[in-house]
Amino acid sequence: MDDLRGRIDMHSHYYGGGLVETLRARTSRPYLHTRADGITEMVAMNGGFPFTPQYYDHRVGLAEMRACGLTHRLLTFPGALGVDLLPADEIAPAISAYNDHLAELSAQTGGALIGLAGVPLADMDLACTEVRRIRRDLGLPGIILPSDYFNSLAEYEEMRPLLSAANDYGCHVMLHPGLKVGQEPPPRPSDNMQYRLSAVDLQSSASQVALTVILSDMLECYPRLTVQIVNLGGTLPFILERIESIARHRNPDAPFPTDRLRRLWYDCASLGPRALEAAVKVLGADRIMLGSDYPIFKDDPYTHALMPADISAEDKEQIAWKTAAHLFAHLETLRQQRLGDTSPD
């Protein structure tokens, strides 16, 4: 992989790679259609939104990325859309083609665009085969998984076969808000839906996911995985002291394992400098990376969140590129070690 010094955006989404054609052929959510006013609309789990070229044309995103000074961007399979939850016989070929496309984009752009793959979650055997392929053959750094599989220890158990397969070659796993196979979207709030769902509920969900990871055996059972919690770990940087107080007063013989939070990675997608300041104090700059959530949010995370933050210049450089660069180097070392092992999968 090319030199990653610069500004690395570690949280964005990409709906190209053949998914446009797949979604246009569908008539139930998720699907694409053209409204009466001529606007192309994506009809997703929680409603519709205009489907502009930023979502599916990598050239538009690359130009906007470079215009604001970002040098590299992690493009992810659109996990929250629910495409990876569809019946495997319907969607598995499209997901594999999309993953191939991500690898091609990385080569075409000299590594400026880096891909995080999807897997067909409705068929665990196929999902396991695909995660091994994207690491062994395509060299992509990892996968995106719906975080609802990590809302509890019981739900986490469902992911063991896939996590084991991902562990084989070393794999980065982004746990991003998204439903499980067969799960219906939760009821919509009666008012202020965008704020309640996309801010308050989403941030709380990210915290639940982080708790599951650090309070389970996941870090010990799958040591070759690296796990990314989105949006600075949700509310964790702001409620950690309360969590520690609960353990201290109610479970004095079992203190909360705060140190395990530093075994995860975090991005600052869609958040600002005040949140980043708190997260650096709790999690450490060497565990935090830039994130935009592009194209859903179009702010440049470097100028919007990182530069105004009241943290040291060293911490800003760490978040801008060093944390991500060290992460990618670690993942490639794990992959090369496994490729050098001639034992069968």
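The values are calculated or read from the model by the stated rules, or taken from the named source; none is laboratory data. Computed from a predicted structure; not experimentally measured. Because the Cβ atoms are built from the backbone with ideal geometry, glycine has one as well, and the counts that use them run over all protein chains shown. Areas reflect the complete protein model, heavy atoms only, side chains present, ligands, DNA and RNA absent. Shrake-Rupley method; radii C 1.70, N 1.55, O 1.52, S 1.80 Å.
Taking every DSSP beta bridge that has both ends in segment 1-143, the antiparallel portion is near 45%. Beta bridges assigned by DSSP with both partners in segment 11-93 are antiparallel in approximately 80 percent of cases.
Over the chain, what percent of the accessible surface lies on carbon and sulfur atoms, probe 1.4 Å? Its accessible area is 52 percent carbon and sulfur atoms. Each of Thr22, Gly47, Val280 was scored by the projection of its Cα onto the charge dipole of the chain, and the greatest displacement toward the positive side belongs to Val280; charges sit on the C-beta of Lys, Arg, Asp and Glu. On a per residue basis, the chain carries 43 Å² of accessible surface, using protein heavy atoms and a 1.4 Å probe.
For Leu334, the shell of other residues with beta-carbons less than 14 Å away shows a net charge of +3, using +1 for Lys and Arg and -1 for Asp and Glu. Distant-in-sequence amide contacts of Leu116, defined by a placed amide H-H separation under 5 Å and a gap of 5 or more residues or a different chain, comprise Leu75, Thr76, Phe77. When Rg and the Kirkwood Rh are both derived from Cα coordinates, the Rg/Rh ratio for the chain amounts to 0.95. One quarter of the convex hull surface built on the alpha carbon atoms of segment 1-141 amounts to 8.9 nm², the projected area averaged over directions.
For segment 65-125, what D do you get in µm² per second when you plug the Kirkwood radius from alpha-carbon pairs into Stokes-Einstein at 37 °C and 0.692 mPa s?
261
In this label model, Thr34 and Glu332 are separated by 4.4 nm, measuring between points 7 Å along each Cα→Cβ vector. When the charge dipole of segment 187-345 is built from unit charges on Cβ atoms (+1 for Lys and Arg, -1 for Asp and Glu) and taken about the Cα centre, the candidate among Gly340, Thr258, Met289 whose Cα reaches farthest toward its positive end is Thr258. The label point for Arg263 and the one for Ile243, both projected 7 Å from the Cα toward the Cβ, are 1.4 nm apart. Summing charges over neighbours of Phe238, with a neighbour being any other residue whose Cβ is under 14 Å away from its Cβ, gives 0 when K and R count +1 and D and E count -1. Hey, how much of the P(r) for segment 92-134 falls beyond 15 Å, as a percent of Cα pairs? So the pairs more than 15 Å apart make up 40 percent of the total in segment 92-134.
With all projection directions averaged, the alpha carbon convex hull of segment 136-250 covers 9.0 nm².
Note on Ala254/Glu277: beta-carbon distance plugged into 1/(1 + (r/R0)^6) with R0 of 25 Å gives a FRET efficiency of 0.25. Taking every alpha-carbon pair in segment 188-333 and binning the separations at 5 Å intervals from zero gives 2, 9, 17, 20, 20, 15, 10, 5, 2, 0 percent. Its DSSP H runs of at least 4 residues, each contributing -39,500 (n - 2.57), put the calculated 222 nm mean residue ellipticity of the chain at -11500 deg cm²/dmol, to the nearest 500. Simple rule: put +1 on each Lys or Arg Cβ and -1 on each Asp or Glu Cβ in segment 89-159, find the dipole, and look at Ala117, Ile95, Pro141; the Cα lying farthest toward the positive end is Pro141.
In this Cβ point-charge picture (+1 for Lys and Arg, -1 for Asp and Glu), segment 54-149 has a dipole of about 520 debye about its Cα centre.
Just to be sure I understand: of the beta bridges DSSP finds with both ends in the chain, what percent are antiparallel, rounded to 5?
25
Which residues does the label zone of Ala313 cover in segment 273-304, counting backbone N under 13 Å from a point 7 Å along Cα→Cβ? Output list for this probe position: empty.
Relative contact order, percent, of the chain when contacts are C-alpha pairs under 8 Å separated by at least 6 residues? Relative contact order, the chain: 17 percent. Within the shell of other residues whose beta carbon sits under 15 angstrom from the beta carbon of Arg188, the net charge comes to -1, with Lys and Arg scored +1 and Asp and Glu -1.
Projected onto their three principal axes, the Cα atoms of segment 2-77 cover extents of 44, 22, 21 Å, largest first.
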